[in-house]
Amino acid sequence: MPSDLEQLQTIRSQALAILADVTANPKPSYSLDGQTVSWGDYLAKLRETIDWCERKLAGCEPFEIHSRGTT
């Protein structure tokens, strides 16, 4: 089973690939039988997913805390 880090990296990669495809082959928004498809909203959700993944991945990186004691 993949680790949380690997899953976040996979989700980010998949969302980036979809975003690249959708922007390379743009489609118009439309309504059909009462169902609306808004490509602008879809792009916004993809970008939100990518941003979310990047924030989570940044939290997984190792870090150091420098401190100094005083007397």
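Where a number appears in this text, it was derived from the coordinates with a stated rule and is not lab data. Bear in mind the structure is a predicted one, so any value in this text is a computation, not a measurement. Reconstructed Cβ throughout: ideal geometry from the backbone, glycine too, with neighbour counts over all protein chains shown.
Gly34 meets each of the listed conditions (1) at positive phi; (2) touching a Phe, Trp or Tyr at 6+ places or on another chain (Cβ under 9 Å); (3) not aliphatic (A, V, I, L, M) apart from (2).
Of everything in segment 22-67 that's closer than 13 Å to Leu8 by Cα and hydrophobic (A, V, I, L, M, F, W, C), which residue is surrounded by the most Cβ atoms within 10 Å (Cβ to Cβ)? Going through the qualifying residues, I end up with Cys53.
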